[in-house]
1. Expressed as a whole number of Å, what is the distance separating the alpha-carbon centroids of segment B:197-215 and segment B:223-275?
2. Could you work out, residue by residue across B:130-140, how many beta carbons of other chains sit within 10 Å of that residue's beta carbon, and then give the average as an integer?
3. Pairing the Cα long axis of helix D:169-198 with the longest principal axis of chain D, what angle in degrees results, from 0 to 90 and rounded to the nearest 10?
4. Given label points at 7 Å from Cα along Cα→Cβ, what nm distances, shortest first, separate A:Gly47 from the same residue in every other copy?
5. ³J(HN,Hα) across segment A:236-252 via Karplus (A = 6.51, B = -1.76, C = 1.60, θ = phi - 60°), whole Hz, x for Gly/Pro?
6. Enumerate cysteines in chain A without a disulfide-compatible partner, where compatibility requires another Cys Cβ under 4.7 angstrom.
7. Hey, what's the Kirkwood Rh for the protein assembly as shown if you take every pair of different alpha carbons, in angstrom?
8. Counting pairwise Cα distances across segment A:111-255, what percent come out greater than 22 angstrom?
Protein chains: 4
Amino acid sequence: MSANVRVAFLGLGAMGLPMAEHVLAAGFPLTVWNRTAAKADALVTAGAARAQTPRDAAAAADVVLLCLPTQDEVRDILTRADGVLAGLGAGKTIVDTSTIDPSASQQLIASCAERGIEMLEAPLSGGTIGAKSGALTMMIGGDAAVLERVRPVLESMAKNIFHVGGPGMGQTLKLCNQMIAGAQTIALAEAYALLHAAGVDAKLATDVFAVSTANCVAIQQRVPVPGVQPAGPASNEWRPGFATEWMAKDLFLALQFARSLDVPVAQNAANLQCFEQSMQAGYRKLDQSVFGKVLIDRIDAHARER
Amino acid sequence: MSANVRVAFLGLGAMGLPMAEHVLAAGFPLTVWNRTAAKADALVTAGAARAQTPRDAAAAADVVLLCLPTQDEVRDILTRADGVLAGLGAGKTIVDTSTIDPSASQQLIASCAERGIEMLEAPLSGGTIGAKSGALTMMIGGDAAVLERVRPVLESMAKNIFHVGGPGMGQTLKLCNQMIAGAQTIALAEAYALLHAAGVDAKLATDVFAVSTANCVAIQQRVPVPGVQPAGPASNEWRPGFATEWMAKDLFLALQFARSLDVPVAQNAANLQCFEQSMQAGYRKLDQSVFGKVLIDRIDAHARER
Amino acid sequence: MSANVRVAFLGLGAMGLPMAEHVLAAGFPLTVWNRTAAKADALVTAGAARAQTPRDAAAAADVVLLCLPTQDEVRDILTRADGVLAGLGAGKTIVDTSTIDPSASQQLIASCAERGIEMLEAPLSGGTIGAKSGALTMMIGGDAAVLERVRPVLESMAKNIFHVGGPGMGQTLKLCNQMIAGAQTIALAEAYALLHAAGVDAKLATDVFAVSTANCVAIQQRVPVPGVQPAGPASNEWRPGFATEWMAKDLFLALQFARSLDVPVAQNAANLQCFEQSMQAGYRKLDQSVFGKVLIDRIDAHARER
Amino acid sequence: MSANVRVAFLGLGAMGLPMAEHVLAAGFPLTVWNRTAAKADALVTAGAARAQTPRDAAAAADVVLLCLPTQDEVRDILTRADGVLAGLGAGKTIVDTSTIDPSASQQLIASCAERGIEMLEAPLSGGTIGAKSGALTMMIGGDAAVLERVRPVLESMAKNIFHVGGPGMGQTLKLCNQMIAGAQTIALAEAYALLHAAGVDAKLATDVFAVSTANCVAIQQRVPVPGVQPAGPASNEWRPGFATEWMAKDLFLALQFARSLDVPVAQNAANLQCFEQSMQAGYRKLDQSVFGKVLIDRIDAHARER
């Protein structure tokens, strides 16, 4: 696949926009569409074509990339009257980087196959930082031969591309990744709340954890105390990063998927309810690590009362 | 403090024995004592003196190191008729590397201070691997000046030595470290159980997690599926490593300590009950990651029935 | 509304069949339909008419009663080509006794209203025992005036009829009822497991609980130890009663509904995962109290190993 | 045992005081002691003798009744220099109505037996209301023959007296009762919070629950919404009743006891952390049902922000 493979990118949010920029920078002819058209302006200035509908974008492409928040939006953008499937011919390829339910993904891939369209699921890890630096991890579910054909496009955005298995398996792995990442967040929230109550310095604790068995991505990136990590969400008014509502969505999908396989996931269920507490506190758009603030604020509220 | 500082080491278990070997290898005159005397044989052969009682060991030392499983044993070895306090003179130092309740540690340190004995708490992270390689992390609570005096001795065993704060703060930090490490273990157990039920390859999943937001010490060292990591517990009949009963003990101490400060720790409470499930299954002595086997075995038992 | 109000009853399962019998016995002209037609035989023998499709049943009725397992089936039976809405004229009434998502129920009621059809939600408490004895509790959401018109029909089946509020509020109350009932079940399972491990007699314990603050419907009806209550599920091979899969469905709906309102429900989430454990053990069709057996069996398995 | 059996009552708190009044009213010669002596004034006026120490109270009695908050206080009042064991002769009887750890109770009973003193554990259900009305439930662990000898004294305070088994079994049953009662409290808190968020009337919901599978002692006595039950804690500024700190203490004892038998109790662990949230909010002395207020206040705080 050479650089004259034509690409369409649909969904230019916090993740999608920098991803599309990498595709364009790699020299692929690019057509873009976004519900809020203005988000595409910079890309168009940089040389991308703007489509008026998902159908028009698809009609101009060999490979259609999707980056959308929920499965309802993925299904809608594919099947609506002016949607992707109305514009995309047989033999073309869709790569969906959204995180959705594994069963829903399987159904969409099967439904595309019936029309002669090859679809891969390609959920991501790496967040907005990885999207900007082109260092995302992709967990591909679908046909390995199709992956090889579109690999050059994906390599413009991702540093690590894994073929995980058939349809649904990429999404399954992504949901499991989120279960572990979400668990780290909640564990840190409780640990730093306890340290706060006991008067242990958070910066010093972070230095210790970084060389102890507690070490993890959350310790490196998301300590929930302002000032400890200058680039972290806590030091930047909890600007995501990865918003609480997206983590809650992913953990709910994991719970639902586990339920479909009769697999109890007690810790994940507990973690999800913690993120719901952040949402209840009004922090839905803030980085998922804000749950630490929820817990620490309760300690301080109590201390003031004594 | 030069190498002629005399050291006593009490408690030669899976952690204590290799730690004492490092002290001896660094050239400190060493006296050892252990409840089961035979565990000291190799050390004595290598040049250590053997004491008949903790009192005798203490009487021969400037610095007494303790490495014991629970606070009951720490208290006992200090205060019994032939215990450390019966042999140790004013101006000497005790360093307790055991993980115990922060309040209990504060009481012991205060009680030693009344006798003119300086005591530090120095709980560890790094497990038996870190103990063998001399790469432990130590979280010191107590007087910083005392730490400086005994630092050469500690540096023979530990790579990272942190002065965390006053008495109890080292233990607090250690318990928080365990909360996060234990959370990783349970999250991995649930995630790999779900992957198992869904048919995703565990080795491949581990490669993906290692470059994704799930990455953590547990992913590096304790994937709960035999064969994925040749050196890991799962590939070695769950030989610890760090036994389930010790993790359960530490999380229970954390829960109890959090309760004393009115800090709810819902995830930690859930994690502890998962480790209790491993204990109920008869796996108390196996590595804490064996909870993954508990969950996966249930899936397989069910599959056979269908 | 006199006894010549014509009634259709759709869904003759473990709950619906005895409910329809009460409607017929009260003298209402009755037409019935069920997916598996044979379940209607006894009713037809007793004087009910048999319809070939939901549409035909609806065409012959003033009031259509539904008693179905999930919202997918409710939606399907209403909207399919040969469904209720194809046969029912404006001014007629639907009463849905199924337990479904409050939002889904609101949508269905609104959608019926657009066609001039009045729909009530009327989820039930009382189980198969209440259905047989005509002693159900009904939690009505919808128009109070409509309830008054159909009240005579409902009184043939239910002892307690409550108008709870507008559309969705009956379902909300039902889900909250299930949250509390499910919590009782899990609490009993843990308590009787602990009593079993400690060697306390379960029959004696039940007598004590019945006059203590533990007393509840589950203590009266669902002690999870065979032999304690001759009529209870545990003494009858866990024959429901109320199947584990229905309780799990209801608690999942509750969790999902709570999520839509940003209300964390940590205990409910934990309880749901316990019922998932029963499902994983292969007990999906058994009474929800079977979770006690799951816990007690684990204790016994462990005891055999020691 | 006739009415001239001499009784000592130690611990005149919210439970003990009305219990002692019943003993006196039944005609038993009564000596009382309390740490805060003034609490005994009314009893002394009514005819009881006042002792200066537990030892003196015991010396004047055939049966010593204890009603104390924790096992530390029970142990102290028995073993201190001027304690019960210093005054009580062989052949006499102690009945401890406190709720303490089953193992601790076994040790105390064994320790009394060595001195020829017979001790029963007799934890209670019924709360301050049951104590005032003489309608308590007692769960006796210990020697059945001893129970028969002191039964007349106990019947002056309790309506239901159960001999549960040997030492520890009464405490075990009490802790299991608390697990179930505490579960009801948390389930109600979540359910009424969800009803609040959804706009369903709490009084109406309570009427429905009372005739549905949700029915339980908590529904009858402790609905966590002011105004629903005029005599309930919520309508009386959460005046206990049964204080949050006592419920938290009992659930912690249950967790600790379950841990000693390797019995996981996941729901109980979750419930305990909910009560810790009430304690963190400053409500330790308020009725345990105040957790409903904690949850509902969070909903209202969020609503104000929108």
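Values in this text are rule-based calculations from the coordinates and carry no lab data. These numbers were taken from a predicted model, which means no experiment stands behind them. Note that each Cβ is placed from the backbone with ideal geometry, even for glycine, and that neighbours are counted across all protein chains shown.
1. A separation of 21 Å, based on Cα centres.
2. Per residue, the average neighbour count from other chains is 2.
3. Helix D:169-198 sits roughly 20 degrees off the main axis of chain D.
4. Those label-point separations list as 6.9, 8.4, 10.4 nm.
5. 10, 6, 6, 5, x, x, 10, 5, 3, 5, 6, 5, 4, 4, 5, 5, 5
6. Unpaired cysteines in chain A: A:Cys67, A:Cys112, A:Cys176, A:Cys274.
7. 33.1 Å
8. On the way: 5173 of 10440 pairs.
Pairs farther apart than 22 Å: 50 percent.
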